[in-house]
Structure formats: C-alpha cells, structure tokens
Amino acid sequence: MDSRQLRYFVAVARERNFTRAAEKLHIAQPPLSRAIQQLEDEVGVALIDRASRPLSLTDAGRLLFEQAVQVLDRMEEMQAMAARLRQADRKLLGIGFVASTLYGYLPEVIRRYRAARPQVELSLLEMTTIEQIAALKEGRIDVGFGRIPFNDPQIERTLLRNEVLCVALPLTHRLASRTGLLKLAELSGDALVVYPRSPRPSFADQVLALVREREVKPQAVLEVRELQTALGLVAAESGICIVPASVERLRRDNVVYRRLDEPGAVSPIIMSARKGDRSPEIGLILRLVKEMYRKEGIAFGV
C-alpha cells in the first residue's frame, strides 16, 4: 500500500465514478482500476461495490476511506512544513505530549518558547509515553512530555513535578455536594472509568494500582480510549473517573471535580529527551519550565 493507491482510492470514493475520478487525477481509467484492484488484493477485502450506481463503498471501504483521508492530509502537512523549512532555513523541533499535559502548563511553555525562538518551527504531536520513547529514538521528536516512568538506557528523563489527583463525579453523585477532600474508600462500589485503554502501560495503570493499593473495590471498571470519552461517561452517570488536577480546567456540564485526601495520589509529569542530547533548545525548554513553576509557586521535581 502506498500513497498513490490511497490518492486513487480517495478520488474514486469521492467521485463515485471511475471515469470522473480518472479525469480528476489526469490519468487513464485502466491504470486507475488496476491500482484499486491491487489495493483490494493487498487488504484482502472489497472496498468498492461496483454493482451499485453510482459506486458506493463497502463497510471496509468506508473505514479505509476515513483513515486514508487522514494519512493524505498528514502527508500534505509534512510536505508543506518541509517546504517552509527549505524556504526559511528554519530549525525544526519536535515535541511529543500526552493529551492531559495540555490542561496544565505545557501550552504556556510552548508560547514562551515560540516567543524566545521565533525562528524555530515547532512540530507538536500527541502521543502516549511509550510512543514518545520510540519517536525519540527514531528522531521523529526531540523532547516528550508524558506521565509514565519508563527506564530506557537511551532516554534521559527529568521529573518536572508530581501532579495531585482528583476525582470527576456526576453532578447527581451522592458526594457531589461535598466541598472538602474525599477519601478513595468513600468511592468504593462506584463504577470506575479509566483511560487510555491502550497502549499499556498508561495512566490507567497508575489509577488501577492506586485503587488496589487502597483496597478500593469498584463495582466495575470501564476502559475507554481517551479523557474526553471518560468524562462523557461520567456526565452520563456511568461511573467516576480519577484524573490529574489540571483537568479541572476542562469544565464539562454535569461533571464536578473533588480533590482526594490520599497521600501519594499523584501523577508525575516527566520530560524525556535522547541521552546525551545537549541541544540548547531542550535546555531552554527546561529553563522556561523552571521559571514558570517558580512564578506559580510550584516546586520543581517534587
């Protein structure tokens, strides 16, 4: 499977006609038909229902179409970025981050970095901690912000801080009206929503380990892909969710946040870079983090 096949397939899917798709692509119809057939042979399933008029996609075809559009859009972005770099001779700095760090101080760090280094092109990529480790080794990113302690001889990790945890409750929950701190034991018997479902290990494992350590027994454990989905289930009264305190900034209807009275109930924020990388850009980012923490009265590395 290559980008040419994906472009051809997307064109046919949008035009719903081989002839019009070929005209739009400025190619003859026979090579277009062969390319689509080769793609179907590779994936092992029919993508287009050729018996329908106009042409329609099979279930597998609709799924591949959605993914193909995203892949092609991403390729166009990469090509545009490369062109900008060539034209301006700008340095590129790749930053990987887990989604929950966006609700804390990471956006401010990025804003301050842009102000200090306007000549540097930033590439911001959402990825799990495990994905960040691989991306650092492969050179796809230069620095990562995650939450999972992960030992690797090729990666240097710096603990920025330990963020306290809180619990997201449905507005109708029996404890929603409480304004003080909550004990995890008070939540025993509630369904627990954790995220992400994969890949593991992840923040979900931190939460589950904390629950087991405190001998709290949830009624059920619901695993979902991302934070927004988890909060949606909380709003729908399907369970509770333990989240980093910075998520409180993400206000959502029918959800309230309450801090936990649990020593050690924290989630680390860890900055990762390649071992031995002495890039001044990484040093600048770390300095900006320390300056911002000092201004906000946050202890660095604690």
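The values are calculated or read from the model by the stated rules, or taken from the named source; none is laboratory data. Note that the coordinates shown come from a computational prediction; the quantities given were computed from them, not determined experimentally. Glycine gets a Cβ as well: all are built from the backbone with ideal geometry, and neighbour counts include every protein chain shown.
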> How many residues does segment 1-20 hold that are part of a helix (DSSP H, G or I) and closer than 19 Å to Q70 by Cα?
Replying inline: 13
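Conditions tested, residue by residue: (1) small (G, A, S); (2) assigned by TED's automatic domain parsing to the domain that holds D205; (3) under 21 Å from R225 (Cα atoms); (4) touching a residue at least 40 places away in the same chain (Cβ under 8 Å).
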{"position": "M81", "(1), (2), (3), (4)": "no, no, no, yes"}
{"position": "F97", "(1), (2), (3), (4)": "no, no, yes, yes"}
{"position": "V109", "(1), (2), (3), (4)": "no, no, no, yes"}
{"position": "Q119", "(1), (2), (3), (4)": "no, no, no, no"}
{"position": "E138", "(1), (2), (3), (4)": "no, no, no, no"}
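Does E215 satisfy being over 15 Å from R259 (Cα atoms), outside the structural domain of E262 (by TED's automatic domain parsing) and over 20 Å from the mean Cα position of the chain (by Cα)?
Taking the combined requirement at face value, the residue does not satisfy it.
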> In this structure, is S246 polar (S, T, N, Q), assigned by TED's automatic domain parsing to the domain that holds R114, under 21 Å from the mean Cα position of the chain (by Cα) and surrounded by 14 or more Cβ atoms within 10 Å (Cβ to Cβ)?
Replying inline: no
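Within the bounds of segment 250-257, is there any residue that is over 21 Å from E223 (Cα atoms) and either in a strand (DSSP E or B) or touching a Phe, Trp or Tyr at 6+ places or on another chain (Cβ under 7 Å) (or both)?
No, there is no match, as no residue in segment 250-257 is over 21 Å from E223 (Cα atoms) and either in a strand (DSSP E or B) or touching a Phe, Trp or Tyr at 6+ places or on another chain (Cβ under 7 Å) (or both).
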> Filter segment 13-71 for residues that are polar (S, T, N, Q) and over 14 Å from S3 (Cα atoms); which is nearest to the chain's Cα centre (by Cα)?
Replying inline: T58
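Just a yes or no: is a residue in segment 182-194 without any contact (Cβ under 8 Å) to a residue 12 or more places away in the chain and either closer than 30 Å to R274 by Cβ or exposed (fewer than 15 other Cβ atoms within 10 Å of the Cβ) (or both)?
Of all residues in segment 182-194, those without any contact (Cβ under 8 Å) to a residue 12 or more places away in the chain come to 186.
Okay, now just the ones that are also either closer than 30 Å to R274 by Cβ or exposed (fewer than 15 other Cβ atoms within 10 Å of the Cβ) (or both), so none.
Looking through segment 182-194, none of the residues is without any contact (Cβ under 8 Å) to a residue 12 or more places away in the chain and either closer than 30 Å to R274 by Cβ or exposed (fewer than 15 other Cβ atoms within 10 Å of the Cβ) (or both).
With the structure loaded, tell me whether G94 is under 30 Å from N162 (Cα atoms) and either surrounded by 12 or more Cβ atoms within 10 Å (Cβ to Cβ) or out of contact with any helix residue (DSSP H, G or I) (no Cβ under 6 Å at 6 or more places or on another chain) (or both) or whether it fails that test.
On the way: under 30 Å from N162 (Cα atoms): yes; either surrounded by 12 or more Cβ atoms within 10 Å (Cβ to Cβ) or out of contact with any helix residue (DSSP H, G or I) (no Cβ under 6 Å at 6 or more places or on another chain) (or both): yes.
So G94 fits the description; yes.
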> When residues of segment 32-65 are filtered for being outside any loop (DSSP other than H, G, I, E, B) and surrounded by 12 or more Cβ atoms within 10 Å (Cβ to Cβ), how many remain?
Replying inline: 19
